[in-house]
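K.L.:
My questions will all concern the structure given below.
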Amino acid sequence: MASPNAAPPRAAARSLRDQPAAHLIAETPDEQAILVLHDVTKTYPNGKTALRDVDLVIPEGDFVFLVGASGAGKSTLIKLIIRDEIATRGAVMLDGQDVARLNRRDVPRIRRKIGIIFQDFKLLPTKTVQENVGFALEVTGTPHRQIAPAVARVLSLVGLSAQASQLPSQLSGGEQQRTAIARALVHDPRLIIADEPTGNLDPLISWEIIQLLSRINELGVTVLMATHNAEIVTALRRRVVALEDGRITRDELGAAYHRED
Amino acid sequence: MASPNAAPPRAAARSLRDQPAAHLIAETPDEQAILVLHDVTKTYPNGKTALRDVDLVIPEGDFVFLVGASGAGKSTLIKLIIRDEIATRGAVMLDGQDVARLNRRDVPRIRRKIGIIFQDFKLLPTKTVQENVGFALEVTGTPHRQIAPAVARVLSLVGLSAQASQLPSQLSGGEQQRTAIARALVHDPRLIIADEPTGNLDPLISWEIIQLLSRINELGVTVLMATHNAEIVTALRRRVVALEDGRITRDELGAAYHRED
Amino acid sequence: MLSFIAFSLRRAWHGFWRNAVMSIAATATMVLMLVLLSTFFVVLSGLNAGLQFVEQKVEVVAELRDDAPDLKVVQLQQDIAALPEVASVEYIDKPTALAQFKQRMAQQGREDLTQFLDSNPLPATLNIKLKDPHQFGTVVQTLRARTDVVATVEEVQNLVDRVLTITNLLRTGGLILLGLVGLTVLFIIVNTIRLAVVARAEEIEIMRLVGASDAFIRWPFIFEGALVGLLGALITLVLLALGAAPLSNLMTRFFEILPLELGSLSRNLAVLVLATGIGLGTIGSWVSVRSYLLK
Amino acid sequence: MLSFIAFSLRRAWHGFWRNAVMSIAATATMVLMLVLLSTFFVVLSGLNAGLQFVEQKVEVVAELRDDAPDLKVVQLQQDIAALPEVASVEYIDKPTALAQFKQRMAQQGREDLTQFLDSNPLPATLNIKLKDPHQFGTVVQTLRARTDVVATVEEVQNLVDRVLTITNLLRTGGLILLGLVGLTVLFIIVNTIRLAVVARAEEIEIMRLVGASDAFIRWPFIFEGALVGLLGALITLVLLALGAAPLSNLMTRFFEILPLELGSLSRNLAVLVLATGIGLGTIGSWVSVRSYLLK
Ligand SMILES: Nc1ncnc2c1ncn2[C@@H]1O[C@H](COP(=O)(O)OP(=O)(O)OP(=O)(O)O)[C@@H](O)[C@H]1O
Ligand SMILES: Nc1ncnc2c1ncn2[C@@H]1O[C@H](COP(=O)(O)OP(=O)(O)OP(=O)(O)O)[C@@H](O)[C@H]1O
Ligand SMILES: [Mg+2]
Ligand SMILES: [Mg+2]
């Protein structure tokens, strides 16, 4: 096995490589875990089973890459976490709360703790870039005068200051993706969930975005990122969770994109 | 400079590397070129200039990678070719016809010669995968009984046979992208234009798709592919056209993703 | 060509059901509007029949001299009946006139003053019905010329004028109202279909991008609009048929006297509803899709 | 809270203009429907006034004995006037009755038969107007009891019954029609707004995904619906004001005799239009958004 040269400090202490996920739950007290999936299975109404018996514990402050072939179930897992879908079996605990048992009224509050970057961006087509980003602050009831500076800050972070007042239909694919990233960051979430955030970005900007997420992670924010970008995953040597046909087949610290043994 | 070990046979014959694009036009008779851009500038109504003085000649049978940072103008160039946008200045000649001068009624006929993979997929949300793909045949007036087998064939090519009757909203990101690819291939176009066709695909499927496009190219179909996938571009050693801020800054045969000198 | 039509019809059918909410909303709007239009049509037909009935009541009445010989009276009656503008001529002799007067008085609950009389003061009359109430001129002149028989001709000009003014006013008003309601119906349905199409702007855009010709995009939509219209019209007709029994009860109660032909009325109504429904559905789709194809 | 309302209002305003096609279509539909409703309201008000007028015409007429002493007649008149159900009592003496009869005959173009009489055959009468045409019972009984003065009391029962049946029927019919039109208007507007919201399903979905609470999504839409309603109502009122002059000309021509208070009518109409417009806009949005938030 290649030595985890770029692994975060905590990774060395816990040597969890190749251990089955069930052991993980026993070893990690739930209070420390921001996200716990226990025995989760998801079957869509059309009979397609996208996840099978998934166990996953993500402690607060972790940086996790979720990898796997197209259709392996990465986006489904993310949808369960944000309660866009509900698990057929098993429990999804976010910050100690079972999201499936949440009252309808409490769903928005949970979602505001999270910054989500959707694979298909999900930008409001009738709002400009800055309105789309500011929107994530408005829904939390942030006073109007604080919104503009916060939005300006994240837009310059992702390099979109010049496009601030364009509509999504007037943006390039990468610019749309960066808008989605800015929206996920603007309200200082405790957990960032990114579904393929660099799919439409050139290598340079991809690296900048990843470095940005790494810096944010160092400040204590948990990051869960589904990606196909082997180069980045392998270079960063963080925790890698691999899905295959709906099952977790690998959960390693300091790992590469591909299995290395 | 690294030797172009994976370059196609024709690349060695024409040594165009680092020559300005204007020379290219003089050397290549227009009858052989399926696509010619001459001095094209595109300024969007909001004042943003996405392309500046672009000259580009693509002979029939070529395989061209279009690279460049996010927002460099790749998608804009593609939109001009399919006449989704019209150039502010300059001429775009597709198969010997100036697309800007085309009669409204002739636009569909031109588009049917092309297979387009859109960056944002552009699937019809109320149609299933096979209907979306079959649609590209229906518009050409293909008899109904020929459509089903052709659709089945391309769906198995891109590995989507199992998802044939799902709606786009029931697909993973990569599956949507493969649906878009299947639709672009199904009517045997003479030119395939692909805008970031592997952005949502895992490395394995990405390679399969690229190999598919290469095989199709060997049959004489021209391929123009905008991409950020450095690994693939560098490995294939085909012609690379680089855009930077709306200008062509590089047009090399057998090149890598990044400039190599 | 045939396969294109078959294709368009199939797509229209699918489009209708894939966007069920839209389609049902549009159809429901269509039904309501068509019912509204039908109601107006029926009311106007009733009004029109009423007006015709009133107009038919316009008569020219000639009072005859008590000393006119019966033969001359018969002669005059024949002459008048021969005039082209006359529908019928009725001769009321003196005793009949008195009897009718008494009856009228009794009906109205008035005192019968004739009981105090010892001779019959009422003249014999010729009551002439006209084919067209406007054309009383020649009849009155002919009557006036025969001073040997006719004592006076009742001045009908005023009455005719007044009746015709009112009936024309009511008719024009009714037609204007029908026009306005028709325009409203047109606008609302076109609007509803347009809203349903706007929601599918993306679909149209994508069709164009993959090389669909305008005809290819337009016809399925137009057939879909026609389908909405047809369905709306059929449902309306069913509703009208269900409502016909209680309604015609009410109608006959009010319009007993009116010569309203229910058969032809309902035939006209069915044609109106079907034509309006399908026509509006088609036009609505055409207009809505047009704006997208022109871009 | 205040900032939430301000925010919602701002978003409603933007939403209205960002989806201009939808908003304008919805507003136009609203205007047409409100104009329709107003027309119905005015026509019904006219009808109602007409019916009231007809009902007021119902009188109890007592024919007095020719030999009744004047004093007793005056006494009876006062007694009757004192009854709570009586609106007014008019005494018509014999010469006046004859004069009125002659005038009526002349108006109707009838022969004046009274010219052949040498004495006045018409009795003096007491004409009693009632506050409520139903309550003629006591009045008729009181009159009948005074056989020293009253010769006969005209049997009004039948007439009253007939008039009331017809007016009640017309009134009920009118109200039912107004209800139906109201329901149609409600349905169409709710429908239109729903179509406009369906087109924004994606927007609602995205809002929910980034953590917007239901209230946050709902209120801007409701305010937007209310805005459509308000705008529609205002445009309708302007149209009605513009159309009022020619319309009231026409109205007075027909309803000259009717005691239609145009002031209060137009006040009622304005309230109706505004309340209906804003109410329907709000309800329409509420219903439409609800179905998305419940999912
Ligand atoms: N409709 C439009 N109106 C205004 N500006 C636009 C429009 N479309 C694109 N642009 C701008 O033009 C520039 C080039 O856009 P384009 O989509 O061609 O980039 P791209 O090279 O495809 O980028 P990416 O790799 O991110 O997809 C971008 O800066 C974008 O903001
Ligand atoms: N709403 C749905 N209904 C039915 N099947 C679905 C639905 N959504 C996803 N699926 C199926 O579930 C499987 C997993 O989908 P998912 O989106 O989780 O994959 P993914 O790992 O995100 O893939 P990608 O990398 O291509 O985005 C796919 O085969 C897909 O067809
Ligand atoms: Mg996915
Ligand atoms: Mg692009």
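The values are calculated or read from the model by the stated rules, or taken from the named source; none is laboratory data. Bear in mind that the values here come from a model prediction, so they are computed numbers and not experimental data. Reconstructed Cβ throughout: ideal geometry from the backbone, glycine too, with neighbour counts over all protein chains shown.
K.L.:
Take the residues in the stretch B:167-203 that are free of Cβ contacts under 8 Å to residues at least 60 places away in the same chain, facing another protein chain (nearest Cβ under 7 Å) and of a type outside the set (D, E, K, R), then tell me which one is nearest to ligand 1 (Cβ to nearest atom).
P.N.:
For the stretch B:167-203, the residue satisfying everything is B:Asn200.
K.L.:
Tell me which residues, restricted to the stretch B:52-67, are closer than 19 Å to B:Arg239 by Cβ, assigned to a strand (DSSP E or B) and away from ligand 4 (no atom under 13 Å from the Cβ).
P.N.:
If the condition is that a residue be closer than 19 Å to B:Arg239 by Cβ, assigned to a strand (DSSP E or B) and away from ligand 4 (no atom under 13 Å from the Cβ), then B:Val54, B:Asp55, B:Leu56, B:Val57, B:Ile58, B:Pro59, B:Phe63, B:Val64, B:Phe65 are the ones that fit.
K.L.:
If I filter the stretch A:143-156 for residues that are within 15 Å of D:Leu209 (Cα to Cα) and modelled with pLDDT under 95, do I get at least one hit?
P.N.:
no
K.L.:
Moving on. Which ones in the stretch C:1-26 are basic (Lys, Arg) and under 13 Å from B:Thr126 (Cα atoms)?
P.N.:
C:Arg11, C:Arg18, listed by residue number.
K.L.:
Does B:Asn132 meet the test of being away from ligand 3 (no atom under 16 Å from the Cβ), more than 11 Å from every other protein chain (Cβ to nearest Cβ) and over 20 Å from B:Leu243 (Cα atoms)? Step through it out loud before you land on a result.
P.N.:
On the way: away from ligand 3 (no atom under 16 Å from the Cβ): yes; more than 11 Å from every other protein chain (Cβ to nearest Cβ): no; over 20 Å from B:Leu243 (Cα atoms): yes.
The answer is no for B:Asn132.
K.L.:
Tell me the residue from B:Gly47, B:Gly71 that is buried (at least 20 other Cβ atoms within 10 Å of the Cβ), more than 28 Å from B:Ile216 (Cα to Cα) and within 14 Å of another protein chain (Cβ to nearest Cβ), please.
P.N.:
B:Gly71
K.L.:
Sticking with this structure for a sec: Test C:Val198 against the stated conditions and say whether it is closer than 28 Å to B:Thr128 by Cβ and at pLDDT below 85.
P.N.:
Yes.
K.L.:
Now for a different question. Checking D:Val60 against (1) under 25 Å from the mean Cα position of the chain (by Cα); (2) outside any helix (DSSP H, G or I): exactly one of these is not met. Which one?
P.N.:
(1)
K.L.:
Something else now. Considering (1) within 27 Å of the chain's Cα centre (by Cα); (2) at pLDDT 80 or above; (3) in a helix (DSSP H, G or I), say which one C:Leu159 fails and leave the rest.
P.N.:
(2)
K.L.:
Can you go through A:Val139, A:Val158 and tell me which one is β-branched (Val, Ile, Thr), facing another protein chain (nearest Cβ under 7 Å) and touching a Ser or Thr at 6+ places or on another chain (Cβ under 9 Å)?
P.N.:
Going through A:Val139, A:Val158 in turn, just one is β-branched (Val, Ile, Thr), facing another protein chain (nearest Cβ under 7 Å) and touching a Ser or Thr at 6+ places or on another chain (Cβ under 9 Å): A:Val139.
K.L.:
Moving on. Suppose we keep only residues that are touching a helix residue (DSSP H, G or I) at 6+ places or on another chain (Cβ under 8 Å) and over 12 Å from C:Leu209 (Cα atoms) within the stretch B:81-96. Which one would you say is farthest from ligand 1 (Cβ to nearest atom)?
P.N.:
Filtering first and then ranking leaves B:Gly96.
K.L.:
To continue, here is another question. Name the helices (runs of 4 or more DSSP H) wholly within the stretch B:154-238 that hold at least 2 residues that are within 16 Å of ligand 3 (Cβ to nearest atom)? Lay out the reasoning, then the answer.
P.N.:
Values: elements: B:173-185, B:203-218, B:230-236.
By residue number, B:173-185, B:203-218.
K.L.:
Let me confirm something: among C:Ala68, C:Ala87, C:Ala62, C:Ala20, which residue is within 28 Å of D:Leu180 (Cβ to Cβ) and of a type in the set (Gly, Ala, Ser)?
P.N.:
C:Ala20
K.L.:
Here is a check on your reading of the model: is B:Ile209 farther than 29 Å from A:Pro45 by Cα and within 16 Å of ligand 1 (Cβ to nearest atom)?
P.N.:
No.
K.L.:
Let me ask you something else. Mind listing whichever residues of the stretch B:68-100 are among the polar types (S, T, N, Q) and within 16 Å of ligand 4 (Cβ to nearest atom)?
P.N.:
Result: B:Ser70, B:Ser75, B:Thr76.
K.L.:
State whether the residues of the stretch C:53-63 include one that is surrounded by fewer than 20 Cβ atoms within 10 Å (Cβ to Cβ) and either within 14 Å of chain B (Cβ to nearest Cβ) or modelled with pLDDT of 80 or more (or both).
P.N.:
Taking every residue of the stretch C:53-63 in turn, at least one turns out to be surrounded by fewer than 20 Cβ atoms within 10 Å (Cβ to Cβ) and either within 14 Å of chain B (Cβ to nearest Cβ) or modelled with pLDDT of 80 or more (or both).
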